[in-house]
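Just so it is clear, none of the values below were taken in a lab; they were calculated from the coordinates. Fair warning: this is a prediction, and the values are worked out from it, not measured in the lab. Cβ sites come from the backbone with ideal geometry, for glycine too, and all protein chains shown count toward neighbours.
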């Protein structure tokens, strides 16, 4: 069964507890997309709209943050240049266990940093799987 992003975000909200954001505006999303010269995959844009910050086992999913002290979890800052900027992909999560995870901008599939094969078919499946781990 394919996970749906709305259900995955509810699960993520419960999992993250107090470490969850309140979402950002369409203008903030458009500005971030313009800064990177890309369009966010639909599921990731929905995560930004609804939460913009959440944690998977204590590690943050990147969001949109204007505070320079939060560059380490800002999706624009983390995707501007190496080591995480990879053409055609969006780095959205980094952990000691999973390393950096990327969303394919075309297919929406999620890859680990080795890009050997898709690890998950979608962001929703990634969230559900990691939260359940």
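Modelled spin labels at residue 18 and residue 34, positioned 7 Å past Cα toward Cβ, are 3.7 nm from each other.
Of all the C-alpha pairs in region 5-132, what % are more than 22 Å from each other?
Details: 2108 of 8128 pairs.
For region 5-132, the share of Cα pairs beyond 22 Å comes to 26 percent.
Let me know the Kirkwood hydrodynamic radius for region 36-107, please, with Cα pairs as the basis and the value in Å to one decimal. Show your work: numbers first, answer last.
Numbers: mean 1/r = 0.0807 Å⁻¹.
One decimal place: 12.4 Å for the Kirkwood radius.
Considering every alpha-carbon pair of region 74-122, the percent of pairs per 10 Å bin, from zero through the bin containing the longest distance, is 28, 60, 12. At full extension, residue 26 and residue 67 could sit 12.9 nm farther apart than now, given 0.36 nm per residue minus the alpha carbon distance.
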